[in-house]
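Only one structure is covered here, and it is reproduced in the block below.
Quick note: the coordinates plus some simple rules give every number you see, no bench work behind them. Nothing here was measured: the structure is a model prediction, and the numbers come from that model. Cβ placement follows ideal geometry from the backbone for every residue including glycine, while neighbour counts extend to all protein chains displayed.
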């Protein structure tokens, strides 16, 4: 009896134990994970066993190729949940409406950096009056000063979307952010074949509804690929040691070598260059507060015997 051939494929949509895969020949098909210990996410490169024409069965994912990167979060139970694999760029979407939670945006960008993935920020709905608000603009300027690429766009205005296509060319990128910021609308602009569902903000709460229910990968006409994910109301990266948290703040990493102590955590240590920069307003006080919050979150997620008292 001849062995069943194994076919290379890419996971383009994930529903837990069931996925959609696409072969190198461009054939898309449903597949199931073979074996209880096997896990894969959108963006994974896998080997599958295709079903026979007479079996009526679906393809089986039998192995996952070594990942170049893995973007993950901490779930509500404190466990690490992989979100997407083999990314080169995470793009955080914010908007003046719904009210932006920039602490979540910071944690997304930090999670990307901790996974060795580049980060960028897109301000959508720039046509809304709130986008011109002085305080909102100042908060966005903080990201540009920190060193992130920042694009101001309107998904309803095609010319403003063009710079995103340039950013995505050759990249494997994931769009993330709060519900209602327009991720699916932007995805539909960038990858028309995606046909992702969109829905307006809830009139009752002003919060976005979760219109995207799965993570899905789309190839872009101008090159590159885009992963769209469900909106969230919170995000935290997987636990790391205190000293690693600063990796998510490029403006702090740049100054850290000037601190008096090599192991400075930039909290209350004497001779800290970061604290001096915050006091001198060359580092955003809000971004610094976000750093301290993530340090505390990471300490709370650590095993009890590792937590600082």
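Could you give the angle, 0 to 90 degrees to the nearest 10, between helix 134-146's Cα long axis and the longest principal axis of the Cα atoms of the chain?
80
Would you please report the Å³ per residue occupied by the convex hull of the alpha carbon atoms in segment 1-137?
159
Can you give me the Cα centroid spacing of segment 1-51 and segment 142-160 in angstrom?
36
Could you tell me whether segment 108-176 comes out rounded, prolate or oblate from its Cα gyration tensor? Rule is a ≥ b ≥ c as square roots of the eigenvalues, rounded for a/c under 1.5, then prolate if a/b exceeds b/c, otherwise oblate.
Because a/c hits 1.5 or more and a/b fails to exceed b/c, segment 108-176 counts as oblate.
Which three numbers, in whole Å and largest first, are the semi-axes of the equivalent ellipsoid of segment 70-228 derived from its Cα gyration tensor as √(5λ)?
One finds semi-axes of 21, 19, 18 Å for segment 70-228.
Using square roots of five times the C-alpha gyration tensor eigenvalues, list the equivalent-ellipsoid semi-axes of segment 6-64 in whole Å, biggest first.
Listed largest to smallest, the semi-axes of segment 6-64 are 16, 13, 10 Å.
Tell me the Rg and the Dmax, in Å, that the Cα atoms of the chain produce.
Cα-based Rg and Dmax for the chain come out at 21.1, 74 Å.
Measuring from label point to label point, each 7 Å out along Cα→Cβ, what is the residue 18 to residue 66 span in nm?
3.4
When you take every Cα atom in segment 242-306, what is the radius of gyration, and what is Dmax, the widest Cα pair distance, in Å?
Rg and Dmax of segment 242-306, Cα atoms, are 11.8, 37 Å.
Given a Förster radius of 22 Å and the C-beta distance between residue 81 and residue 293 as r, what FRET efficiency does 1/(1 + (r/R0)^6) yield to the nearest 0.05?
The computed FRET efficiency comes out at 0.60.
Order of 128-136, 172-180 by packing, highest average Cβ count within 10 Å first?
For the peptides 128-136, 172-180, the packing ranking is 172-180, 128-136.
So for the chain: antiparallel DSSP bridges make up what percent, rounded to the nearest 5?
55
For the peptides 39-51, 235-247, what is the packing order when you average, over each peptide's residues, the other Cβ atoms within 10 Å and list the highest mean first?
Peptide ranking by packing, descending: 39-51, 235-247.
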